[in-house]
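Below is one structure, written out as structure tokens, with a few remarks after it.
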Amino acid sequence: MKRYNVIIADDHKMFLDGLTSILASEGDLNILLTAKDGNQVIKFLEVNPKETIDLVITDISMPDLNGIELNSLVKKHNSRIKTLVVSMHNDPIMTEELITNNVDGYVPKNAEKLELIKAIRTLLKGDKYFSTQIKEAYLQNKFTQQKEQEVKLTKREIEVITLIAEEYTTQEIADQLFLSKHTVESYRKNLMAKLNVRNLAGLTKYALRKKYIKA
């Protein structure tokens, strides 16, 4: 029976121990190293250049060297090593960066044991695996970005949405831009319709994404 060498990196000992226990029950998976951060993994790769490593499983949030950086460095070290991210994060921007750097799989930490094993087996066979939850968030963000690129705001609309995001009242916006309250309210309603958002929070999120204001 073929044996696969696995490295696990996670700074939460309870999760690390739990994952180690799960993988130990799989007869063909050999855990070479458990690490609390990415630096330990990279040092192991450098010190053991002849060691065959099939899979690196990593969290994203870790001290010193996080999972996104670790994935990139592992792929640069040896592109044949499979990388699986197991994280509580479900951030499409992080997913985008991981995909850009050729991550092989991504599942949330609340995934069932069966899905985790399925992901590992899929990667070891040479295929990619992204959980439904991760894919849906990523694709929804892509769709939103595409729709936003199609929307063009006028200079005045950008001024209005920026002041809304900076928590100016309708009267304050009117005074600032030398407009009537009624005109400002019309701009607000038109912006919500144009950007397909339901409330002021949606307008604020759009302004943040477009960097009209700083977080």
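Things to note:
- Shape category assigned to region 4-142 from the gyration tensor of Cα positions, a/c cut at 1.5: rounded
- Shape parameters for region 126-206, alpha-carbon atoms, Rg then Dmax in Å: 16.8, 62
- Degrees between helix 155-165 axis and first principal axis of the chain (Cα, 0 to 90, nearest 10): 70 degrees
- Axis of helix 181-195 versus longest Cα principal axis of the chain: the two differ by about 30°, to the nearest ten degrees.
- GNM result for the chain, Cα springs below 10 Å: residue of SER79, SER87, SER180 fluctuating most strongly: SER180
- Taking ALA174, ALA119, ALA24 as the candidate residues, the one with maximal mean-square fluctuation in a Gaussian network model of the chain, Cα springs under 10 Å, is ALA174.
- Cα long-axis angle, helix 38-47 against the chain (0 to 90 degrees, to the nearest 10): 40 degrees
- FRET efficiency, GLN140 to LYS181 (Cβ-Cβ, R0 35 Å, nearest 0.05): 0.50
- Selected from LEU200, ILE7, MET88, residue furthest toward positive end of dipole (the chain; charges at beta carbon): LEU200
- At 1.567 mPa s and 4 °C, Stokes D of region 1-42 from Kirkwood alpha-carbon radius, µm² per second: 122 µm²/s
- Longest DSSP-loop-exposure-free segment, trypsin sites (Lys or Arg not before Pro), the chain, at most 11 other Cβ within 10 Å: 4-49
- For the pair LYS205 and GLU96, label points projected 7 Å from Cα toward Cβ lie 1.5 nm apart.
- Distance from the Cα centroid of region 1-57 to that of region 97-113 is 16 Å (rounded to whole angstrom).
Bear in mind these aren't lab numbers, they're just calculated from the coordinates by the rules spelled out. Being a predicted model, the structure only gives us computed values, none of them experimental. Note that we place each Cβ from the backbone using ideal geometry, even for glycine, and neighbour counts take in every protein chain shown.
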